[in-house]
Amino acid sequence: MSKPRLFSGIQPSSDSLHLGNYIGALLQWRELQRDHDAFFCVVDLHAITVPQDPKELAAKTRRTAAQYIAAGIDPTASTLYVQSHVPAHAELAWVLNTITGFGEAGRMTQFKDKSSRYGAEATSVGLFTYPVLMAADILLYDAEVVPVGDDQRQHVELTRDLAERFNSRFGETFVVPKALIQKDTARIYDLQNPTSKMSKSADSVTGLILLLDEPSVTRKKIMRAVTDTDAVIRFDRDAKPGVSNLLAIYAALSGQTIETVSAEYEGKGYGDLKKGLAEVVIGEFEPVRARALELLDDPAELDRLLAANAGRASEVADATLAKAYERVGF
Ligand code: ADP
Ligand code: NA
């Protein structure tokens, strides 16, 4: 029996992925790739929907791919490729644009958030149709499963609506996918501002733990994490967001439950928890960082690998696109 198809991706919009990406996406992907036919994409077409530096994009794309592999995505078992290497993404997105309602696209909350952050002048039509491109990404591969954070739930819903609409208007063409929403405990918060999600677009860099940070930098950031004044180690997201975030990170990386970690640190100080956590994070990230840097030392080899994977992705994507083109009458 063939394995169910899976699609997911991350934008190459920074030099290093962060702890939120690692726990919320890469750790899950690594598990899911075993029993899925997985397509993991570096979504560079999405990255140009907001202001970006063209001199840096190719390097960020390579770095993101290297981090996927270093974190355990197997580029021979899974298809790990760069979105712009497979033209079918942009081509199917165009077709899907023509069946997406203007008002429907306007209801996407991520667009509202991002456009208000960048302002009207810097808000492109590309940012507006970003969810339609994401629908194309997913539908090209007949993906049944789409692992995403909660903030992408609405985009996967739109993808389902577009797939069903296309199928009923033009004939059975697309598989209707399902979102696999990450667990609550996989959501990681900023260490300086533990009620906001850890994000590359955060204001404070000290709240952001990067996969490619030097261990000494990681240790410093964790030791400076915001906690509270009552000096009790207990998991309570509402009353103790800082401490709870540290416990959740510890549990996710050590494979223990939050209860076990809390029990282990009961009665100890925040300094002890932070020291222990720094060791766990550094122990997890060091081999990943070393492997990523090694891959980046040989960009020609990495490019060859990505080209071969793009070839594999294209075979699947081109067949779906051809079917969709035929359905609309091309
Ligand atoms: P960012 O928020 O830094 O822009 P992306 O939106 O590019 O990150 O997210 C890429 C992937 O990483 C998605 O699957 C998303 O759900 C996951 N992710 C991002 N930030 C976090 C976080 N703080 N906690 C858990 N998962 C996250
Ligand atoms: Na995001």
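The values are calculated or read from the model by the stated rules, or taken from the named source; none is laboratory data. The structure presented is a predicted model; accordingly, all values stated were derived computationally and were not measured. No Cβ is skipped: glycine too gets one built from the backbone with ideal geometry, and neighbour counts run over all protein chains shown.
For this structure, a couple of remarks:
- For the range 164-181, the tally of residues that are crowded, with 20+ Cβ neighbours inside 10 Å, hydrophobic (A, V, I, L, M, F, W, C) and within 16 Å of residue 92 (Cβ to Cβ) stands at 2.
- Of the criteria (1) among the hydroxyl-bearing types (Ser, Thr, Tyr); (2) surrounded by fewer than 17 Cβ atoms within 10 Å (Cβ to Cβ); (3) in contact (Cβ under 8 Å) with a residue 40 or more places away in the chain, which one residue 100 fails: (2)
- Candidate set: the range 129-150, residues that are more than 16 Å from ligand 2 (Cβ to nearest atom) and assigned to a helix (DSSP H, G or I); chosen: the one surrounded by the most Cβ atoms within 10 Å (Cβ to Cβ): 138
- In the condition set (1) away from ligand 1 (no atom under 15 Å from the Cβ); (2) touching a Lys or Arg at 6+ places or on another chain (Cβ under 7 Å); (3) in contact (Cβ under 8 Å) with a residue 40 or more places away in the chain; (4) part of a helix (DSSP H, G or I), residue 126 is compliant with all but (2).
- Of the residues making up the range 162-195, just one is near ligand 1 (Cβ under 9 Å from one of its atoms) and of a type in the set (Gly, Ala, Ser), namely 186.
- Qualifying residue in the range 33-42 (condition: of a type outside the set (Lys, Arg) and either more than 22 Å from residue 186 (Cα to Cα) or at pLDDT below 95 (or both)): yes
- Number of the exception - residue 77 against (1) under 30 Å from residue 287 (Cα atoms); (2) surrounded by 14 or more Cβ atoms within 10 Å (Cβ to Cβ): (2)
- Residue match in the range 217-240 (condition: in contact with a strand residue (DSSP E or B) (Cβ under 7 Å, 6 or more places away or on another chain), part of a helix (DSSP H, G or I) and surrounded by fewer than 20 Cβ atoms within 10 Å (Cβ to Cβ)): no
- Residue within the range 66-79 that is more than 16 Å from ligand 2 (Cβ to nearest atom) and under 30 Å from residue 327 (Cα atoms) present: yes
- Only a single item in (1) within 14 Å of ligand 1 (Cβ to nearest atom); (2) of a type in the set (S, T, N, Q); (3) buried (at least 19 other Cβ atoms within 10 Å of the Cβ) is not met by residue 159, and it is number (1).
- Residues of the range 153-165 that are within 16 Å of ligand 2 (Cβ to nearest atom), touching a helix residue (DSSP H, G or I) at 6+ places or on another chain (Cβ under 8 Å) and either more than 18 Å from residue 101 (Cα to Cα) or polar (S, T, N, Q) (or both): 154 alone.
- So residue 117, is it in a helix (DSSP H, G or I), within 16 Å of ligand 2 (Cβ to nearest atom), more than 19 Å from residue 17 (Cβ to Cβ) and among the charged types (D, E, K, R): yes
- Where helices (runs of 4 or more DSSP H) fall wholly inside the range 255-330, the ranges with 3 or more residues that are in contact with a Ser or Thr (Cβ under 6 Å, 6 or more places away or on another chain) and of a type in the set (D, E, K, R) are 299-328.
- Residue that is surrounded by the fewest Cβ atoms within 10 Å (Cβ to Cβ), among those in the range 10-40 that are over 28 Å from residue 202 (Cα atoms) and touching a strand residue (DSSP E or B) at 6+ places or on another chain (Cβ under 9 Å): 32
- Checking residue 184 against (1) of a type outside the set (Ser, Thr, Tyr); (2) surrounded by fewer than 18 Cβ atoms within 10 Å (Cβ to Cβ); (3) within 16 Å of ligand 2 (Cβ to nearest atom), the condition it does not meet: (3)
- If you check 168, 196, 216, 204 for being within 15 Å of ligand 2 (Cβ to nearest atom) and polar (S, T, N, Q), only one passes: 196.
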